[in-house]
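Contents: one structure, followed by commentary.
The values are calculated or read from the model by the stated rules, or taken from the named source; none is laboratory data. This is a predicted model, so every value here is computed, not measured. Note that each Cβ is placed from the backbone with ideal geometry, even for glycine, and that neighbours are counted across all protein chains shown. For the accessible areas, the whole protein counts, side chains as well, though only heavy atoms, and no ligand, DNA or RNA atoms are used. Shrake-Rupley method; radii C 1.70, N 1.55, O 1.52, S 1.80 Å.
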Amino acid sequence: MNRYFILSVFCLLLFSCKIEEVSPVGEAPKNISGSWRILKATRNGTDITSAFDFTQFRVKFDSAGNYTIVNRVPFLVNANGTYALDDPAYPFKITFTPQGGSAVATSFNYITTAGIRQLNLTFVPGCALNAYIYTLEKDN
Amino acid sequence: MLPRLNIKGRKIWMLSALLLIGIVFSFCHIKISKVTIPASAKVGDVVPIQLDIDESCNSGGSDRLILGVLMPKGWKGTQNMSATYKSSKGDGTFTMVPLTTLAAHGEGKNWPDYMRATFGIAGNLIDDMEWVVMQSDNPFTYANGDKITGSIFINLKVGADDNPTVVKLAYVVANTTNGFTSDTYFDEGYGPTAEYYNQYVGDCFTVTGGSGDLIDFCNPQLTTVSPPKSLDNDLVTISFDSNVIETDLSGSDEVYLCATGTTSDGQTINICEQTSKTLMKAVGSGRYEITFWPRAFFGVSDSQTVTNMTYFITDKTGTKQVGYGNTTAPFTYKFKCG
């Protein structure tokens with residue numbers, strides 16, 4: 001009697017479980033569409049944010065892969081054009097191709113600070129020894 | 001049997017301890033007793049520099065000698081400097097230390113960065129300098145009580161950037177084991193801290209000739225430009241130091257930049273207004289700065305390039321102007337990278 005009872009409980013436990021299949025969640029593509037302003041600027045490691053008026057500069061990315069520069073300052077490119085990420089989900093590089101010009105690529109440093117996305121762009125607009133880093137943040 | 005074994009063990013321990021002390025505390029105090037260098041040279045000259053070295057060793061060991069020379073970046077020292085040595089421990093040559101070689105006691109820094117962090121730019125006023133670091137080809141072996149003498153013979157081709165220059169060259173000697181450390185043992189003639197390294201800062205050294213503007217690292221200037229080398233698409237900062245000498249602008253509340261740019265197609269563009277565009281911000285201690293984008297400042301077209309500029313510093317009326325060396329001649333600046 002006891003033997004049949006234990007066997008029944010064992011079978012019940014065995015067949016009441018099933019493997020749950022959890023499908024992997026893919027990394028969301030990085031969406032940088034919108035208007036970005038300069039939050040911080042450094043030249044050769046020195047903070048020059050307050051030394052020069054960066055406040056009017058904007059770079060606007062649209063979802064079709066175009067960018068527009070408003071109120072130019074020294075930047076990777078000096079004309080409007082198209083942009084592309086080397087990988088939509090895990091980008092390491094962003095490439096700007098100005099109209100009538102050559103493509104310029106830089107590392108894609110897309111960080112989160114205090115819950116807000118920031119984009120750090122490193123570039124050399126003049127002499128090779130002079131490196132600039134702009135920290136961009138989206139307009140509200 | 002046991003006591004015999006004990007004696008052997010004791011000897012082994014003593015030998016091990018002595019060996020350990022020899023490894024950990026193998027050092028020589030070092031100093032540059034004399035530097036011989038011409039007072040001046042011309043752009044492109046190969047300048048012979050002789051460093052006379054004395055060393056006093058407190059234990060036995062083996063090390064390579066490290067040699068660092070501080071010079072303007074534009075001289076491209078890694079390509080234009082060579083050195084040999086003659087000493088009571090033998091003769092040989094120096095080779096460049098690869099940037100991937102970490103310095104002893106350098107906390108992860110390579111030798112040039114370690115020298116930069118320890119000695120800075122040796123009192124020069126423009127931060128466009130680098131330490132060029134070499135090491136002796138062979139390690140030299142020394143014993144406790146050794147007094148070593150020798151000379152390092154440097155050949156330095158100056159002015160690779162084609163700029164006349166006034167600069168304080170500086171020299172550091174050290175060894176590959178001890179880095180820039182010292183001990184508390186007094187060693188006659190080697191200073192109170194008995195360092196295993198030594199720095200020697202030379203007098204102002206003048207390089208004449210060249211087609212560029214004079215770069216004076218040595219003497220305080222009324223104005224300086226940062227970065228020292230830039231193109232018209234860089235952001236350029238001009239600083240005015242009103243404390244250097246008494247000028248017509250001494251006591252002025254506001255000072256302005258009055259500049260004339262010359263483009264590659266021969267156009268001259270004069271921006272000499274006293275507005276927010278040219279206002280130099282007071283940054284304290286009598287210093288004023290303006291950071292501007294030359295292309296936008298002079299309003300050139302996409303097909304034009306600003307090749308050079310001349311400038312004055314003025315008061316808010318524009319009538320009082322200060323030029324190069326507090327004269328009526330303007331300051332000059334060429335937009336170039338070399």
So in segment B:287-297, with the set limited to residues that are farther than 19 Å from B:Asp248 by Cβ and in a strand (DSSP E or B), which one is nearest to the other protein chains (Cβ to nearest Cβ)?
B:Thr291
Only residues that are small (Gly, Ala, Ser) and away from every other protein chain (no Cβ under 14 Å): list them for segment B:65-84, please.
B:Gly68, B:Gly77, B:Ser82, B:Ala83
Cβ-Cβ below 7 Å, separation at least six or inter-chain, first residue in segment A:109-122 and open to solvent by 70 Å² or more (accessible area, probe 1.4 Å), second in a strand (DSSP E or B): which pairs?
A:Ile116/A:Glu137; A:Arg117/A:Tyr110; A:Arg117/A:Lys138
Going by what's in this entry, would B:Thr305 be described as within 12 Å of chain A (Cβ to nearest Cβ), touching a helix residue (DSSP H, G or I) at 6+ places or on another chain (Cβ under 9 Å), closer than 27 Å to A:Val70 by Cα and surrounded by 13 or more Cβ atoms within 10 Å (Cβ to Cβ)?
yes
Odd one out for B:Thr118 among (1) more than 29 Å from B:Gly44 (Cβ to Cβ); (2) in a loop (DSSP other than H, G, I, E, B):
(2)
Can you tell me which of B:Thr278, B:Thr291, B:Thr247, B:Thr314 is open to solvent by less than 30 Å² (accessible area, probe 1.4 Å) and in contact with a Lys or Arg (Cβ under 7 Å, 6 or more places away or on another chain)?
B:Thr314
Is it the case that segment B:139-158 has a residue that's free of Cβ contacts under 8 Å to residues at least 40 places away in the same chain, within 30 Å of B:Val43 (Cβ to Cβ), of a type outside the set (D, E, K, R) and surrounded by fewer than 16 Cβ atoms within 10 Å (Cβ to Cβ)?
no
Select, from B:Val207, B:Val236, the only residue that is surrounded by 15 or more Cβ atoms within 10 Å (Cβ to Cβ), at pLDDT 95 or above and away from every other protein chain (no Cβ under 14 Å).
B:Val207
Matching residues, segment A:72-101, being open to solvent by less than 90 Å² (accessible area, probe 1.4 Å), assigned to a loop (DSSP other than H, G, I, E, B) and within 29 Å of B:Thr237 (Cα to Cα)
A:Val73, A:Pro74, A:Phe75, A:Leu76, A:Val77, A:Asn78, A:Ala79, A:Asn80, A:Gly101
Checking B:Lys277 against (1) without any contact (Cβ under 8 Å) to a residue 40 or more places away in the chain; (2) away from every other protein chain (no Cβ under 14 Å), the condition it does not meet:
(2)
All-but-one check, B:Gly284 against (1) within 14 Å of chain A (Cβ to nearest Cβ); (2) at pLDDT 95 or above, failing number (2)
Within segment A:62-71, track down each residue that is more than 14 Å from every other protein chain (Cβ to nearest Cβ) and either open to solvent by less than 10 Å² (accessible area, probe 1.4 Å) or not in a strand (DSSP E or B) (or both).
A:Asp62, A:Ser63, A:Ala64, A:Gly65, A:Tyr67
Search segment A:123-140 for residues being part of a strand (DSSP E or B) and within 14 Å of another protein chain (Cβ to nearest Cβ), and hand back the single one that is most open to solvent (accessible area, probe 1.4 Å).
A:Ile133
